[in-house]
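Reading through the structure tokens given below for one structure.
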Amino acid sequence: MQYDKIIALLDHIEIDATTLRYHFRCQECEKKIVSIIPFEPYDGKIILTWKDILLHPLKSYERYYHTPIVIYGNESEKTVLFKAFEKVSNHFSWNDKSQKYMCK
């Protein structure tokens, strides 16, 4: 996936305490597709065991609530933008002629 081609589809992002809502818009037909993903790091879920929580509650809290995430930027594939696009990518197809993603 190409970062600049995906960012071109991004209309806006809504953020709340637990979720991110990425609104993608097809540039040809103006159709909007929304991808809802949990507000967590791209590399995987933050897994805390009961043992971690009981024995190290402050460390567990810090780890869960203060793990930085990258919403989009720096052309890194480790952003939640790519995670959001992957979730709705079946609604888009790559057009070689125009060199961009379009709605199916």
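At a glance:
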{"quantity": "Computed label-point distance, nm, for sites residue 21 and residue 104 using a 7 Å Cα→Cβ extension", "calculated": "2.4"}
{"quantity": "At R0 = 25 Å, FRET efficiency that the Cβ-Cβ distance of residue 2 and residue 36 yields, to 0.05", "calculated": "0.60"}
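Every number here is computed from the coordinates shown, using simple stated rules; none is lab data. Being a predicted model, the structure only gives us computed values, none of them experimental. No Cβ is skipped: glycine too gets one built from the backbone with ideal geometry, and neighbour counts run over all protein chains shown.
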